[in-house]
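Only the coordinates and a few stated rules stand behind these numbers; no lab work does. Quick caveat: nothing in here was measured; it's all calculated off a predicted structure. Cβ placement follows ideal geometry from the backbone for every residue including glycine, while neighbour counts extend to all protein chains displayed.
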Amino acid sequence: NYVDDVVDALIRAGSTEGIAGQIFNLGHAEHHSVLDLVHLLQHLSGVSYRLTPYPKDYAAIEVGDCYCDFSKFRAATGWLPRHNLATGLGRTWSWLCVQNRGFPNLGEDRHDSGIRPAFRVFAAEAGN
């Protein structure tokens, strides 16, 4: 979940009577595979990779996909996530590009590789 949604969930959990000590999941109604996440990251970053399937012996131990049922938390608190994966990851990627933290070349033009800076890709799609 996107950080704003998690903060909202924590505030609701702390202010809802009768739920102390219970275990809840957070999640989203939209389900995405790991491959969906990879494609989204490629789109946001402007970087394209050749994807190679796992060898069969690795695929057997791969985590796979995880879908968290948040209906218990929703019923207890009324919480619903407001950001889907594309929006949350897009905002996170854009923030990273602006902050340039830990990514020394993230916001720079990379003429030698033909890769567009991610914040320009995101801003152009957002209409900015």
Yeah, the range 24-93 with a ≥ b ≥ c from its alpha-carbon gyration tensor (a/c under 1.5 is rounded, else prolate when a/b outruns b/c, oblate otherwise) is oblate
Summed residue charge, Cβ within 14 Å of L26's Cβ, Lys/Arg positive, Asp/Glu negative: -1
